[in-house]
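These notes are about the structure you will find just below.
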Ligand code: HOZ
């Protein structure tokens, strides 16, 4: 048997990098086996070190919305790179991106560009605390908002792999102000505000959760949150790092018709390079340095090459019918996989919103963390590996959402469904 180049690279990587990866989900710890080391990507596909091609359903966890290596995005990056890589001084590109974000997301009047989703949520949190003079924050079990200390409590994504959703190394003192509630539980939210509403600086939520598989918030849940925050002077933060520009051009806030006070963005706005942002009303954003007392900074914030990739992506997603097609693609995949499972008698369902989807080895889609954890994860893992063998790369954990791009044609989706039909037929009863 020949050794896979992925195995060789993984063994080598583990000598110099903890666990062999630079972000835990990539290590395949949840599903077992060897991570695939990616060598190149194009459209809906990427190739691993053994030159095996996969239909890619993570799309860099969202950014590759127009498909990998889109010629216009690549050209924009190349052009920007020839003019210089980083200046540590402002550029007109940053103004253009800020103007575009403010135009596309009506709740945002002013925006600050940063380099990662973690920075965006962490800074939004600091701003909420600075603006209200309060310490307490509310988050929801299974929502992941990056790896800042006070947000790493009962979080989703990679932390769930280890069965310990709260990270070591976070002092109790740092998280004693973090209140963790159940996602989609309206009554618990009301009770919490009734007992301590005037001490709460902010509520932070993924309005479409993408880090405990895909879970949609109910309209009532988000509307209650909006009303309670307004009533008690707390800041409502929508973490749209994943769902922003993914579920609709105006993000989840457009889908639900609810305006947060602050929004965290990332992924799509960088088009595959590191750009993220947080923004809200001009009054709130004026509390940020250099105007206000809330400090935040970054050498690579608004990096010219990254902004060029993001702007080019933001232009492409505004083509007429873009989101109709993207939504239809994800819905076709979800319906086709559900039908294939049903034919094989496998308990399974799938759901989608815009270009995001969820796969569940349970009879119905989960509404919260506990329901998601009740799904059959062993069966997901078997399915994941069988699909990988078939050349289909889903997220390597049952705790992650999936993503389609504009380059996932009907033929690509149908190939995926045909592969799933073969896999479901082989799954042990
Ligand atoms: N937080 C990302 C998924 N929800 C994982 C990022 C990565 O491992 O690349």
Considering only residues that are in a helix (DSSP H, G or I) and in contact with a strand residue (DSSP E or B) (Cβ under 8 Å, 6 or more places away or on another chain), which ones fall in segment 402-421? 412, 415, 416, 419, 420
Please list, ordered by residue number, the helices (runs of 4 or more DSSP H) wholly in segment 157-202 having 2 or more residues that are closer than 24 Å to residue 25 by Cβ and modelled with pLDDT under 95. 158-161, 172-175
Name the residue, out of 384, 399, 424, that is in a helix (DSSP H, G or I) and within 16 Å of the ligand (Cβ to nearest atom). 384
The condition of being crowded, with 16+ Cβ neighbours inside 10 Å, touching a residue at least 60 places away in the same chain (Cβ under 8 Å), at positive phi and within 11 Å of the ligand (Cβ to nearest atom) holds, among 67, 62, only for 62
Return only the number of the condition from (1) in contact with a strand residue (DSSP E or B) (Cβ under 8 Å, 6 or more places away or on another chain); (2) in a helix (DSSP H, G or I); (3) at pLDDT 95 or above; (4) surrounded by fewer than 24 Cβ atoms within 10 Å (Cβ to Cβ) that residue 150 does not satisfy. (3)
Mind listing whichever residues of segment 1-47 are touching a helix residue (DSSP H, G or I) at 6+ places or on another chain (Cβ under 6 Å), in contact (Cβ under 8 Å) with a residue 40 or more places away in the chain, assigned to a helix (DSSP H, G or I) and away from the ligand (no atom under 13 Å from the Cβ)? none
Where residue 240 falls short, out of the listed (1) under 21 Å from residue 357 (Cα atoms); (2) away from the ligand (no atom under 16 Å from the Cβ); (3) in contact with a strand residue (DSSP E or B) (Cβ under 6 Å, 6 or more places away or on another chain): (2)
Flagged in segment 189-224 as within 16 Å of the ligand (Cβ to nearest atom) and over 13 Å from the mean Cα position of the chain (by Cα), in numbering order, are 204
Confirm whether residue 378 is modelled with pLDDT under 95 and over 27 Å from residue 217 (Cβ atoms). yes
Filter segment 168-188 for residues that are out of contact with any strand residue (DSSP E or B) (no Cβ under 6 Å at 6 or more places or on another chain) and farther than 21 Å from residue 122 by Cβ; the one that is surrounded by the most Cβ atoms within 10 Å (Cβ to Cβ) is 184
Kindly indicate whether any position in segment 122-134 is at pLDDT 95 or above and not in a helix (DSSP H, G or I). yes
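The values are calculated or read from the model by the stated rules, or taken from the named source; none is laboratory data. Just so you know, these numbers come straight off a predicted model, no measurement behind them. Neighbour counts run over all protein chains shown; Cβ positions are idealised from the backbone, glycine included.
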